[in-house]
Amino acid sequence: MAKWQYTRGLHDLGNGCHAWLLPDGSWGYSNAGLIVDSGQAMLVDTLFDLKLTREMLDGLRGVLPARGGIDTLVNTHANGDHTFGNQLVKGSRIIASRACAEEMALRPPEEFMRTMHNWREMGEAGAFMHEMMGARFDFTGLVYTPPTETFETELRVSVGNKEVRLVNVGPAHTRGDVLAYVPGDRTVFTGDILFVGGHPAIWAGPVANWIKACNLILGWDVETVVPGHGPITDKSGVRALKHYLEYLAVETRKRYDAGMTDEEAARDISFDAFRDWIDGERIFINVNALYREFAGDASRPDVPRLFGLMARHHRERAAAAACEHCGHTHH
């Protein structure tokens, strides 16, 4: 959407709704939202580390109510790039889906910090994790700060005179994904149910649930859509991700039925239609999620293996790009 610039920081969506964007939207560079009305404020998600969250809270100061506080924080899902800054709004009402809260408890920031600290022990997978996350963010000082309140399917929360509908559409990206929909402003903050211009990561699935979540948004009277990663969009961004998921499911099923391994399938599927999207290595996560789904395997993904596959893919892509560049210089 040309009307929205994809620049770092605060974007006024009008009528007391704001987005905080972190380009380029790759690993850990997530978006957040703010809803303000009649002296009250709701923050949708915190960021990956304290430095980024502090920068955001300072940047929001000018649009917060006069007394400056955040009454309510909503965590859209359990991933650290949407929850690790929670301690900086401690004392606020913190709302999440029950499944999100359970997942946060399973993987608190302290455990993540240990993993990032010991990345060298994890071989190729650890090196890739370090490159994508460990080296780019500062995880020091994080303290697990869980939700103070959870809900199952839907919760309506007032921010001043505005109604915000919190709708649990998980499991999809994670076990408990929440949409924060402001009907009066025709605006929705999607968390990681929407990635714009980047491959999503299907950590939980089933994919049909994620497609259903896209259809839910498409059925709403919405004109402004703030994704978890990438630029602000409208329904066209939702349609693009839905198309990706549908295409992925069909192509993966063919290869599953043909007896290919998940790695072979991920390498075989053509993603030419999405070649401008970043984080192409996530096809290994996504094909693996579908393989487990087709096999009726409810176990959690083998994250070290998937990061190893992504590391290899990333390295091969970089080598191919260098080779191509090298080829051009010889002409």
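Where a number appears in this text, it was derived from the coordinates with a stated rule and is not lab data. In this text the structure is predicted, and so the values were computed from the model without any measurement. Please note: Cβ atoms are built from the backbone with ideal geometry, for glycine as well, and neighbour counts cover all protein chains shown.
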- Provide the FRET efficiency to the nearest 0.05 for the Asp272-Glu110 pair, computing r from the beta carbons and using R0 = 45 Å. 0.60
- Message: Connecting C-alpha atoms closer than 10 Å in a GNM of the chain, tell me which of Glu131, Glu316, Glu102 has the biggest fluctuation.
- Response: Glu316
- Would you grab the residues whose amide H sits under 5 Å from the one on Ile94? Only those 5+ places off in sequence or on another chain, please, with H modelled 1.01 Å from N. Leu73, Thr148, Glu149
- Query: If the viscosity is 0.890 mPa s and the temperature 25 °C, what translational diffusion coefficient in µm²/s does Stokes-Einstein give for segment 38-100 when Rh comes from Kirkwood over Cα pairs?
  - Reply: 207
- Sorted from largest down, give the three principal axis spans of the alpha carbons of segment 9-234, whole angstrom values. 52, 41, 30
- Derived scalar couplings ³J(HN,Hα) [segment 177-190; Karplus, 6.51 cos²θ - 1.76 cosθ + 1.60; whole Hz; x for Gly, Pro]: 8, 10, 9, 10, 10, 10, x, x, 10, 6, 10, 9, 9, 9
- Which part of segment 115-154 falls in the paramagnetic zone of Lys90, meaning amide N under 20 Å from the point 7 Å along Cα-to-beta-carbon? 138-150
- Item | Angle in degrees between helix 283-294 and the longest Cα principal axis of the chain, rounded to the nearest 10 | 90
- On Cα atoms only, tilt of 235-257 relative to the major axis of the chain in degrees: 30
- Could you check which residue among Leu166, Leu13, Leu194 shows the biggest mean-square fluctuation in a GNM of the chain with a 10 Å Cα cutoff? Leu13
- Message: Could you check the spin-label model distance between Leu216 and Phe294? Points 7 Å from the Cα along Cα→Cβ, value in nm.
- Response: 2.7
- Task: Could you list the residues of segment 159-187 with an amide nitrogen less than 15 Å from a label point located 7 Å from the Cα of Glu149 in the Cα-to-C-beta direction?
- Result: 159-167
- Item | Under 19 Å from the His117 label point (7 Å along Cα→beta-carbon), backbone N, segment 15-54 | 49-51
- Query: Any idea what angle helix 50-60 forms with the longest principal axis of the chain, computed on alpha-carbon atoms, 0 to 90 degrees, nearest 10?
  - Reply: 50
- Only Lys, Arg, Asp and Glu count, each charged at its Cβ (+1, +1, -1, -1), so figure out the dipole size of segment 124-263 about its Cα centre, rounded to 20 debye. 340
- Task: Among Leu179, Leu73, Leu64, determine the one that fluctuates most according to a GNM of the chain built with springs between C-alpha atoms less than 10 Å apart.
- Result: Leu64
- If you put +1 on each Lys and Arg Cβ and -1 on each Asp and Glu Cβ, how big is the dipole of the chain around its Cα centre, in Debye rounded to 20? 340
- Round to a whole angstrom and tell me the spacing of the C-alpha centers of segment 24-50 and segment 131-202. 9
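Checking the a/c ratio against 1.5 first, then a/b against b/c, what shape does the Cα gyration tensor give for segment 173-331?
Numbers: a/c = 2.21, a/b = 1.35, b/c = 1.63.
Oblate.
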- With point charges of +1 on the Cβ of Lys and Arg and -1 on the Cβ of Asp and Glu, referenced to the Cα centre of the chain, which listed residue (Tyr256, Leu47, Val182) lies farthest in the positive direction of the dipole? Val182
- Roughly speaking, what is the stretch gain from Asp24 to Glu316, that is 0.36 nm per residue apart minus the C-alpha to C-alpha distance, in nm to one decimal? 102.9 nm
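So for the chain: antiparallel DSSP bridges make up what percent, rounded to the nearest 5?
Values: 28 of 43 bridges.
So the antiparallel bridges amount to about 65 percent of the total.
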